[in-house]
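So the structure is just underneath, and the comments pick up after that.
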Amino acid sequence: MFIRFALTAELHFNRDLTPEAVEAVGEAVQDANTLLFRKGVPADATDEEVGRITSYAVTGAVLRLEIVSGPYTRAHDALFRFRKEVAQKLGRHHLGLRNIVVTSFRIRIPGPVPESAVPRIPFITSADHHDDAVDLVLDLSAADLENRVPDRIVRLVQEKVAAQEYGGKGEHWELISESSRRERVYDGDPTQEMIRRRWIKHGASRGQWIFGPQAVEIFRAVERLVLDEIIKPLGFSEMIFPKLVPWEVWMRSGHAKGVYPEIYYVCTPKTRDPSYWEDIADYYKVTGTVPVDQIRERLDGPVGGMCYAQCPPFWPFVQGETLANDCLPIRVFDRSGTSHRYESGGIHGIERVDEFHRIEILWLGTREQTIATASRLHDLYTRLFEDVLELEWRCAKVTPWFMAQEGMVGESSDAEIGTRDYEACLPYNGSWLEFQNVSVNGDKYPKGFNVKIQSGEECWSGCSGIGLERWTAVLLAQKGFDRANWPERLARLVSEPEEVFRFL
Ligand code: ATP
Ligand code: ZN
Ligand code: MG
């Protein structure tokens, strides 16, 4: 059993078709069914599998077509191939094609397709589920057909079916390497202890902390270690990536396929004319309440969201460019601002917050260069965690972020593409916390942002996110607050806590 498409459409011409024109249509249909629709189709494809016009009728200036197909020269592709042909033929009869009206469009997707695998989108007006297929009725314009909406709907349904079959198996997680067990010197929850010491305090917004001087010293020590041990030896150059990300960027990075539940959305005022906003300000002055509902009505957007993954807003820097061979691999990093995720009920301590700080390192080049950089990074990270910080850690291969976020499942085509998470144990609750990762993203970003390299080889990229909150949580959870127990390098980078605030 194979996929089937069926459509009816009307081709509207500028005036009534003459008998000669009707005859030309007949020839064009004959031609299309025997030759035009067969182009590019495997020779052994049965007639049933290939697009064909099953009936046509002319009334006045309108040519009505019924087209069905299997997987080859899908009905909508057939329609546009035929349009070109018939427009040319009828042009000779001084007839111009005005527009196309799609009057019905149906798809039968084989296989048991559960209701939950059919997207709730306005194009799908009904879905009839059978044991071995689902029949979809769609409401699509000719422009939608040209924009390949039917093909995307089919792919989406198939993805959802695969995701559900895969869902039970859980996220892929495969241990790559791990440290030996370390002596436990502390079993407290670092967040609680930092609060007690007034090193940190909840910010006014959800999942947000205000980090006091002592906590920031640890952040900066972590940064120092990463700079000295990772960033400088590998020659990464610092950049500043934007932190407000428009849809345009997330469309190209792939995040637009799934990031919605976790975005902090950003809106702009409909106008900056003070008189437009005066009553809002006055309302607040009089009542002491900010009229949020009224504000919402005066906003445009959302235009996008706050930084979610740190690297996508880098890419417009190289978008549409061809990179010279001799500048590759390019290695850069950003630590210029916060990342924001709506973690909902998941927020916990400083480990899982809505606003966090991260160094993002990013590299691009040929496939080999990209893989080699990732492998160098793994070596240096291992040295840092093992010899310098003496952590209890492990490294695991996991489902790449884009597969998880885009609902893609199964094995990627290239085994080198993927994400490795570094996790550390938190003695206070016995769990493992992902505190950073290294991803080889293949050609995903270069393709999305149309970046090429001089040699013509495929451009690849990778990135690694170092979460300062997570590193701090891990270090304090494993090493405690007594600097005598700290690894020497860390202790040297953090000074004795100073009393900046004294509360009465
Ligand atoms: P998790 O599975 O723990 O939610 P994630 O897979 O969403 O993590 P990534 O998208 O891989 O995380 O982000 C890369 C890094 O960013 C993480 O390793 C971590 O250091 C940091 N990070 C991500 N989300 C948060 C958060 N909510 N709070 C603090 N740090 C975070
Ligand atoms: Zn990234
Ligand atoms: Mg997450």
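Sorted by average packing, counted as other Cβ atoms within 10 angstrom per residue and highest first, what order do 57-66, 457-466 take?
457-466, 57-66
Compute, for the stretch 204-278, the length of the dipole vector about the Cα centre, with Cβ point charges of +1 (Lys, Arg) and -1 (Asp, Glu) only. Units Debye, rounded to 20.
It comes to approximately 200 debye.
Place +1 on the Cβ of every Lys and Arg and -1 on the Cβ of every Asp and Glu in the chain, take the dipole about the Cα centre, and give the residue among A43, I195, I153 whose Cα lies farthest towards its positive end.
I195
Let me have the relative contact order for the chain, percent, based on Cα pairs under 8 Å that are six or more residues apart.
15 percent
If the only charges are +1 at each Lys and Arg Cβ and -1 at each Asp and Glu Cβ, what is the size of the charge dipole of the chain around the Cα centre, to the nearest 20 debye?
For this selection, approximately 760 debye.
Sum up the charges of everything whose Cβ sits under 13 Å from the Cβ of L433, counting Lys and Arg as +1 and Asp and Glu as -1, but leave L433 out.
Around L433, the charge tally is -4.
What does the charge add up to near A396, with Lys and Arg as +1, Asp and Glu as -1, over the other residues with Cβ less than 13 Å from its Cβ?
-3
I want the local charge near S455. Using Cβ-Cβ distances under 13 Å, sum +1 for each Lys or Arg and -1 for each Asp or Glu among the other residues.
-2
How many Å² of accessible area per residue for the stretch 4-166, probe 1.4 Å?
Accessible area per residue: 52 Å².
Tell me the carbon and sulfur percent of the accessible area for the chain, rounded to whole percent, probe radius 1.4 Å.
The value for the chain is 50 percent carbon and sulfur by accessible area.
Rank-order 306-313, 381-388 by packing density, defined as the average count of other C-beta atoms within 10 Å over each peptide's residues, highest first.
The peptides rank, most packed first, as 306-313, 381-388.
Which value, in Å² rounded to 10, gives the accessible area of H348 with a 1.4 Å probe and all protein chains present?
90 Å²
Provide the packing ranking of 264-276, 284-296, 483-495, i.e. peptides ordered by the mean count of other C-beta atoms within 10 Å per residue, highest first.
483-495, 264-276, 284-296
The values are calculated or read from the model by the stated rules, or taken from the named source; none is laboratory data. Predicted, not measured: the structure shown is a model, and the values here were computed from it. Using ideal geometry, Cβ is built from the backbone for each residue, glycine included, and neighbour counts are taken over all protein chains shown. Remember, those area values only see protein heavy atoms, side chains included, never the ligands or the DNA or RNA. Shrake-Rupley method; radii C 1.70, N 1.55, O 1.52, S 1.80 Å.
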